[in-house]
Amino acid sequence: MKIVKGCVIKMSLQLVPLNIPSDWTVLWNHFFEINPDDFHDDSFPYVWELHEDIFYLRNEKTGLILDLGWYPAMRSEGMYTLNLVKIGDEETGPEYWANPILKYCSRKINDITNIIHEVLRGIGFVRSKVNH
């Protein structure tokens, strides 16, 4: 339950269905089916669900991280931001956040979900891009 402007709202959010291959590890997933088009101000009941750490997937075999967040966090002008980055090493740091392989922004859950599935299905193509 959540209290918004003195009203108790019973939350029953569902995760966005994702087809995640078994070689990806889900470190966290808070990618809920909400409609950001209804987010105009702080009265939006799901404002707390739109933060920088929505989901984080890691693939040790390919050396890749797929990360989703809302930027700026909890702000109505924000949007989903999906980053695909290479896992770094001692020289580069833990990840290559400054130079993502892919960065995609949208307010539409369907757009983001489609790109996520394209990345996960096309990992061979992405891997060849990373290794060259």
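Annotations
- Label reach from Asn99 (point 7 Å along Cα→C-beta): in the range 47-89, amide nitrogens under 14 Å belong to 85-89.
- Each label point was placed 7 Å from the Cα along the Cα-to-Cβ direction; for Thr25 and Ser43 their separation is 4.5 nm.
- Added length on full extension, which subtracts the Cα-Cα distance from 0.36 nm per residue, Glu60 to Asn114: 17.2 nm
- Highest to lowest packing among 45-58, 15-28, 105-118, scored as the average C-beta count within 10 Å: 45-58, 105-118, 15-28
- Per-residue Karplus couplings for the range 106-119, computed as 6.51 cos²θ - 1.76 cosθ + 1.60 with θ equal to phi - 60°, are listed in order as 6, 8, 9, 4, 4, 4, 4, 4, 4, 5, 4, 5, 4, 5 Hz, Gly and Pro entered as x.
- The HN-Hα couplings worked out from phi for the range 77-88 by the Karplus form 6.51 cos²θ - 1.76 cosθ + 1.60 (θ = phi - 60°) are 7, x, 7, 5, 10, 9, 10, 10, 10, 7, 5, x Hz, whole numbers, x standing for Gly and Pro.
Readers should treat all values here as calculations from the given coordinates under stated rules, not as data from a laboratory. Everything numeric here is computed off the predicted structure, so don't read it as measured data. For neighbour counting, all protein chains shown are included, and Cβ atoms are generated from backbone atoms with ideal geometry for every residue, glycine included.
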